[in-house]
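Here the structure comes first, spelled out in structure tokens, and everything after it is commentary.
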Amino acid sequence: EDWSTARAAVRSPDQLELTEAELKQEVTRTLTANNPHIPRDIVRFSFKERAYKLVDDIDQTAIHFTLNGYLIHKDSDEGRRQSIRSQSLSGKQEEKAPVEAPAEATEEAETKDEEPTEDAEEEGGGEGEGEGEQEAEAAEAAEEEPPPPKAPERKLANQFNFIERGSTTYHYPLREKGLQTDPAPFETFSENVNQWFIYDSYMEELERMEKAKEKEKAKPVAVKKEDKKTGRKLSYVEPPHVDSLSKVAKAAKIAERMVNLNIYDDIAQDFKYFEDASDEYRGQKGTLLPLWKFQYEKTKKLAVTALSWNPKYKDLFAVGYGSYDFMKQGHGMLLLYTLKNPSFPEYSFSSESGIMCLDFHSDHPYLLAVGFYDGNVAIYNLKRASPQPSYKSSAKSGKHTEPVWQVKWQKDDMDSNSNFFSVSSDGRIVSWTLVKNELVHMDVIKLSADETTMQGPEGLQLQTLGSGISFDFHKKIDYLFLVGTEEGKIYKCSKSYSSQFLDVFEAHHMAVDTVSWNPFHLKVFISCSSDWTVKIWDHTIKTPLFVYDLGTAVGDVAWSPYSSTVFAAVTIDGQAHVFDLNVNKLEPLCTQLVVTRKKNKTTHVQFNPAYPIIIVGDERGLITCLKLSPNLRKKPKQKKGQEVKKGPEEEIAKLEKLLSLVRQPGSKE
């Protein structure tokens, strides 16, 4: 009756006593795989980085029970030895044990013997006595019986057992078959091959392929036509297919230019003939007369990032579009405008990445080198009607890892291969050579930042690279060039030295946006920066000769092609400044607002190589053409008794005179 009695619950002495509300309250516990008892913030010494590093990957496994196993594979050597040993031990035990009948058999025999005796007792006592005698005889016989024979050990079936069977088949006799042929004819050939022979062979093959294509295009097509009167089918030769637009393309272009000339007739007249007469009453000051404005619908949201005049066609200029904002990077465009048609570009190319710089080839004006924001460089061939560049770098061919800020064509190398240089924020100045159908790169120099080194693994000294923003090559000395960096320094470098600089100028406090050699004087160059200053230097002197503070960040500066003392600069407040050192060494002769919109900045300026005009680009994709007034392009008067010099000699002497005035106080000190 213990099961019917009530059992009282036994409580632990340290159990909490909770109310009903606390018992009903749900307590959520989150199980994680992290071990709460492992040590935190373990620090170990890294021999690779030579510093103590925090160990992140800590094992979260917690082991509660471990037991070494004693199982051995039965097919191993130890398993076989143990099985043989156990078999031998079991055989010896069987030999030593006495032969006894199994207990189960004796018990069954007893039960069988007991059952008939009970029946016999019930029937009568006489029969019981006879049966007792029979039982005694059976027991004696059982004792005298020998032990049962041992059953043979059963062998396990082997799955690899197999039976070999043989069969006789017909044996085919071998037959031999032989043929006799004439030996193949051979001829000994020898030829001396050099580079010119290979080049001529390639050119012949290209000419042959072009002629074959022209023949296929010019091949007339026979067309069958049914005559309605006679019902016969007549065959005639159809003239080759010519695009209908290509027939009138030239005429349409001329007509378009004539229409634009009529629309902008007053601007064309001002460009050609207008000279501001009010300059006579301004003293030394001058003005900029706005002419055409160039804008394309697809580039309104892009900034003008590069400007370049064509060296052969003085009315043609190229414009690169992209973005200087790191967060607003997208596609870019390359447009070529002419002064004869300001309403629509002559050429238009689209690119996946923003265009940051461009440059025309001086000897081949149809070749245009372009640098992109993604670090690639490309060459566009204006002769080919293709929207894609003719040559472009890739990750395999050594492209820059950061934006390409400037590209410059150089003279052809010894093998007459065209080549240009590029500078990027990754600190590399790379020479790109056009060999056959690919661009081959070679690192000319790597800029070092502040000449500092960083400790690397195993005691190696790793040099940190600077960020190149602008560069320019000397007009006469081929190997000499200047590089402006993001740190504000200007390096004077040589193509012959890849690891050393010829000189370092502590030029600006911010990035050097532009650096440019004077087109006339061999020693003078100009630089501008976002630190509001424009500086003029002599590359043999470490300090600047002239410093101009324009009151806001300077976007670009350019020397004029007609005077050694005239230069123009644009600032981010939308103004253009024109200086003439020969007239006024302290202030600009003209400061004029070019961009009228708010939150719009002027980015680049370029002088036309032949006409007295400049073009200015801004952040809204607009290019403004401005004409210089007579005071801004005035030539100095020759004094009596002075030698009359013409051309470059006069310009060099004019600038040298100014420099001598600046150098004199320094030399006295």
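Structure above, values below:
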quantity	calculated
Any strands (runs of 3 or more DSSP E) falling wholly within the stretch 552-602 and containing at least 3 residues that are open to solvent by less than 10 Å² (accessible area, probe 1.4 Å) and in contact with a Leu (Cβ under 9 Å, 6 or more places away or on another chain)	566-571, 575-580
Residue match in the stretch 521-532 (condition: open to solvent by 10 Å² or more (accessible area, probe 1.4 Å), at positive phi, without any contact (Cβ under 8 Å) to a residue 40 or more places away in the chain and part of a loop (DSSP other than H, G, I, E, B))	yes
Search result, residues across the stretch 190-208 that are surrounded by 10 or more Cβ atoms within 10 Å (Cβ to Cβ), over 15 Å from K436 (Cβ atoms) and modelled with pLDDT under 90	F197
Residues of the stretch 392-426 classified as in contact (Cβ under 8 Å) with a residue 40 or more places away in the chain, closer than 13 Å to E438 by Cβ and open to solvent by less than 40 Å² (accessible area, probe 1.4 Å), total	4
Residue in the stretch 617-639 that is in contact with a strand residue (DSSP E or B) (Cβ under 9 Å, 6 or more places away or on another chain), open to solvent by 60 Å² or more (accessible area, probe 1.4 Å), over 27 Å from Q269 (Cα atoms) and at pLDDT 80 or above present	yes
Condition check for I541: surrounded by 20 or more Cβ atoms within 10 Å (Cβ to Cβ), hydrophobic (A, V, I, L, M, F, W, C) and out of contact with any Asp or Glu (no Cβ under 6 Å at 6 or more places or on another chain)	no
N381 vs. criteria free of Cβ contacts under 8 Å to residues at least 40 places away in the same chain and open to solvent by less than 20 Å² (accessible area, probe 1.4 Å)	no
Qualifying positions in the stretch 19-32 - open to solvent by 90 Å² or more (accessible area, probe 1.4 Å) and either at pLDDT below 85 or not in a helix (DSSP H, G or I) (or both)	Q25, E26, V27, T28, R29, T30, L31, T32
Residues being among the acidic types (D, E) and under 38 Å from the mean Cα position of the chain (by Cα) - total across the stretch 21-80	5
Total residues in the stretch 40-71, condition open to solvent by 80 Å² or more (accessible area, probe 1.4 Å) and in a loop (DSSP other than H, G, I, E, B)	18
Evaluation of P387 against (1) open to solvent by 10 Å² or more (accessible area, probe 1.4 Å); (2) under 21 Å from F326 (Cα atoms) (one fails), failing number	(2)
Candidate set from the stretch 313-325 (those that are assigned to a loop (DSSP other than H, G, I, E, B) and under 21 Å from the mean Cα position of the chain (by Cα)); member that is modelled with the lowest pLDDT	D325
Residue check, V377 touching a Lys or Arg at 6+ places or on another chain (Cβ under 8 Å) and closer than 24 Å to A511 by Cβ	yes
Every pair of residues 6+ apart whose Cβ atoms lie under 6 Å, when the first sits in the stretch 576-593 and is within 16 Å of P561 (Cα to Cα) while the second is open to solvent by less than 10 Å² (accessible area, probe 1.4 Å) and of a type outside the set (A, V, I, L, M)	V578/C590; F579/F567; D580/T565; L581/T565; N582/T565
Filtered residues of the stretch 264-282 (kept if without any contact (Cβ under 8 Å) to a residue 40 or more places away in the chain and open to solvent by 60 Å² or more (accessible area, probe 1.4 Å))	D265, D266, Q269, K272, Y273, A277, E280, Y281
Among the candidates A268, A306, residue that is within 30 Å of S416 (Cα to Cα) and small (G, A, S)	A306
Among (1) more than 19 Å from L622 (Cβ to Cβ); (2) polar (S, T, N, Q); (3) in contact (Cβ under 8 Å) with a residue 40 or more places away in the chain; (4) out of contact with any Ser or Thr (no Cβ under 9 Å at 6 or more places or on another chain), the one test that S308 misses	(1)
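For (1) within 26 Å of M258 (Cα to Cα); (2) open to solvent by less than 10 Å² (accessible area, probe 1.4 Å); (3) part of a strand (DSSP E or B); (4) at pLDDT 85 or above, each residue gets a yes or a no:
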site: K301; (1), (2), (3), (4): no, no, no, no
site: P311; (1), (2), (3), (4): yes, no, no, yes
site: M327; (1), (2), (3), (4): no, no, no, no
site: L335; (1), (2), (3), (4): yes, yes, yes, yes
site: F349; (1), (2), (3), (4): yes, no, yes, yes
site: L358; (1), (2), (3), (4): no, no, yes, yes
site: P365; (1), (2), (3), (4): yes, no, no, yes
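The values are calculated or read from the model by the stated rules, or taken from the named source; none is laboratory data. Computed from a predicted model, the values in this text were never measured in an experiment. In this analysis, Cβ positions are derived from the backbone assuming ideal geometry, glycine residues included, and neighbour counts consider all displayed protein chains. Side chains included, ligands, DNA and RNA excluded: accessible areas come from the protein's heavy atoms. Shrake-Rupley method; radii C 1.70, N 1.55, O 1.52, S 1.80 Å.
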